[in-house]
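FYI, it's all coordinate maths here, none of it is from the lab. These numbers were taken from a predicted model, which means no experiment stands behind them. Cβ placement follows ideal geometry from the backbone for every residue including glycine, while neighbour counts extend to all protein chains displayed.
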Amino acid sequence: MNFDRDAWTFDCEPTLKDSQVLEFCREGYLLLRGVVPDEINQKTCAYLEGRLEAQPCWRPAGWTDEEITRVRASHEPSTLFLEDWFIEHVLLNAQLIGIMRSLLGARVGLPVLASHHATECPQGPQGWHHDADHVFGPELEFVEVFYFPQDTPDELGPTEIAPGTHIGHHSHDIDETRLLASGPAGTLGIHHQSILHRRAASTATGMRHMLKYNYWRTTPPVKDWIDEPGLDPATAFYGGHNTARFTAHMFWWLCGKGDDFHIIGGQGWPWRSDQQVGPSYGYGRTRGYLPDWRRNNPDGYSR
């Protein structure tokens, strides 16, 4: 792994295979449960609760001790990114960085802003929502990560995710439940920033810390993750009706082939069924339609 502190980027070998990248395009999330060491989780909680002295290993230009104190005490304690132990074990977590490299290409941009979602439990469920400034489209220019530094079982109200809702606007009633991203201390969630989510209801007593931040793309997309010979893009599973076209479009964009993506609609590729007797028509077309990510057309397609 190559960490460039001045450019605030890193590079390493990608670790995802074709099917795992496709899964992210289809579902909109991946979970790494308990991957941050316990010592680091404890230090993070102590830092957030003011029990650990700040010892920045670098400072943004012009930042004084007073500025570091101000930012640390805010709901966006991005001064954590100045601590060498947090950089090494959380931002550059060994299991996380290969995934970020697979999804965002070479020289991944590191987070610049942390959001701290602290909740004194028990609490009722938050309303379902897409985050502010979300963008629906095939382009994956950044990926959001959340970090639970303490054990976060279902009873402590982990982040709740509605898989597959990153491809367009969705709404759920507050009583609807989906996937709970619960896990032991050191759990990292990786998700498309536009996915529908919320803080789940909690019944236990205690403080639930959660940090959220983004990694960034700095290079054009190109398929350079781990090649999986057994995956045929002509027959791969991209999802059901009204979703497969968006998944395939995102996957093609990540492969650096977004400008070559065309579909014919109907029962054509990328839709498929286990009941069909032959491959779907339309794979590899040089003319056709694009999915309408903005939902401006009743049929869901655009040129």
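Give, as a single signed number, the net charge of other residues whose beta carbon lies under 13 Å from the beta carbon of Leu188, with Lys and Arg counted +1 and Asp and Glu -1.
Combined, the nearby Lys, Arg, Asp and Glu give +1.
Just check segment 84-220 against the gyration tensor rule for me: Cα atoms, a ≥ b ≥ c as the square roots of the eigenvalues, rounded for a/c under 1.5, and otherwise prolate or oblate depending on whether a/b exceeds b/c.
Oblate shape, in that a/c is at least 1.5 and b/c is the bigger or equal ratio.
List His197, His75 from most exposed to least, where exposure is judged by having the fewest other Cβ atoms within 10 Å.
Lowest to highest Cβ neighbour count: His75, His197.
Quick one: net charge of Val36's neighbours, Cβ under 13 Å, K/R +1, D/E -1?
Value of the local net charge: -2.
Considering only C-alpha atoms, what is the centroid distance from segment 25-75 to segment 216-261, in Å?
First find each Cα centre; the distance between them is then 33 Å.
With springs connecting C-alpha atoms under 10 Å apart, model the chain as a Gaussian network and identify which of Glu66, Glu13, Glu83 has the largest mean-square fluctuation.
Glu66
By the gyration tensor of its Cα atoms, with a ≥ b ≥ c the square roots of the eigenvalues, what is the shape of segment 229-303: rounded for a/c under 1.5, prolate for a/b over b/c, or oblate?
Note, shape of segment 229-303 comes out oblate.
Between Pro229, Pro111, Pro158, where does the largest GNM mean-square fluctuation fall for the chain, given springs only between Cα atoms within less than 10 Å?
Pro229
Which order results if Glu53, Glu120 are arranged by neighbouring Cβ count within 10 Å, fewest first?
Glu53, Glu120
At 7 Å along the Cα-to-beta-carbon direction for both Glu66 and Thr203, put a label point, then send me their distance in nm to one decimal.
5.0
Once you have a ≥ b ≥ c as the square roots of the Cα gyration tensor eigenvalues for the chain, tell me rounded if a/c is under 1.5, and otherwise prolate or oblate according to whether a/b is larger than b/c.
Prolate shape, in that a/c is at least 1.5 and a/b is the bigger ratio.
In a shell of Cβ-Cβ distance under 12 Å around Glu23, excluding Glu23 itself, what net charge do Lys and Arg (+1) and Asp and Glu (-1) give?
Taking every other residue near Glu23 into account, the sum is -1.
Want the number for Phe237 to Asn297: 0.36 nm per residue separation, take away the alpha-carbon distance, what's left?
Value of the extension gain: 19.1 nm.
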